[in-house]
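Novice: Structure in structure tokens, see below.
The values are calculated or read from the model by the stated rules, or taken from the named source; none is laboratory data. The shown structure was predicted, so the numbers you read here are calculated from the model rather than taken from an experiment. Because the Cβ atoms are built from the backbone with ideal geometry, glycine has one as well, and the counts that use them run over all protein chains shown.
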């Protein structure tokens, strides 16, 4: 059995910007969070469309044919043009567990693709995700032991006192100039959990152009 998910790969330009962001903020947050921040590994960054859980080799083979129609953006063979923008916390700033980067341009189109993938997977017997889809890139996971204060929601920081470190992180994410990128494929990854963090291995790819 293999622990799998479907997602969109990110180019080297985004990998480098995220690595620079982590290099800057990792030491700054180490003391404030009492070591409670676990940063995602370079090279692992992607946009998750659907987490599938444990799959057999037979299920992996089936996914190739059944998801082909879901990957076609349009009959014209368009690709996804996306651009990162801002960020936030799951579930919110008062209880930060996940730090993420959001999308500006292309967020709607990625959401439409995720919807088609969700429907295709549901027709194959996979459980539907009960949470609304939000295109995002996970940057860090925050343990419950991390120091957190405040009742702020993401992107609503005016005139409210709060734990300053987290707001500074959001402001830093807002200041990043993400380039527009073209995503022309969708990937099925295997996620192998290790003490050093997950290791991702691509199992299948689908073209988003319909070709």
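Novice: Which of the residues belonging to the stretch 85-107 are closer than 17 Å to residue 46 by Cα and not in a strand (DSSP E or B)?
Specialist: Matches in the stretch 85-107: 104, 105, 106, 107.
Novice: From 179, 195, which residue is outside any strand (DSSP E or B), surrounded by fewer than 18 Cβ atoms within 10 Å (Cβ to Cβ) and modelled with pLDDT of 95 or more?
Specialist: On the way: 195 fails: modelled with pLDDT of 95 or more.
So the residue among 179, 195 that is outside any strand (DSSP E or B), surrounded by fewer than 18 Cβ atoms within 10 Å (Cβ to Cβ) and modelled with pLDDT of 95 or more is 179.
Novice: Ok, one more. Within the stretch 169-180, track down each residue that is without any contact (Cβ under 8 Å) to a residue 40 or more places away in the chain and within 13 Å of residue 99 (Cα to Cα).
Specialist: Within the stretch 169-180, 171 is the sole residue that qualifies.
Novice: Go through (1) at pLDDT 90 or above; (2) more than 19 Å from residue 192 (Cα to Cα) for residue 50 and report which single condition fails.
Specialist: (2)
Novice: In the stretch 67-85, how many residues are over 30 Å from residue 21 (Cα atoms) and either modelled with pLDDT of 85 or more or surrounded by 14 or more Cβ atoms within 10 Å (Cβ to Cβ) (or both)?
Specialist: 6
Novice: Could I ask something else about it? Might you check whether a residue that is touching a strand residue (DSSP E or B) at 6+ places or on another chain (Cβ under 7 Å), surrounded by fewer than 19 Cβ atoms within 10 Å (Cβ to Cβ) and not in a helix (DSSP H, G or I) occurs anywhere in the stretch 12-33?
Specialist: No, because not a single residue in the stretch 12-33 is touching a strand residue (DSSP E or B) at 6+ places or on another chain (Cβ under 7 Å), surrounded by fewer than 19 Cβ atoms within 10 Å (Cβ to Cβ) and not in a helix (DSSP H, G or I).
Novice: Would you pick out the residues in the stretch 114-142 that are outside any loop (DSSP other than H, G, I, E, B) and either touching a strand residue (DSSP E or B) at 6+ places or on another chain (Cβ under 7 Å) or buried (at least 20 other Cβ atoms within 10 Å of the Cβ) (or both)?
Specialist: The answer is 114, 117, 118, 121, 136, 137, 138, 139, 140, 141, 142.
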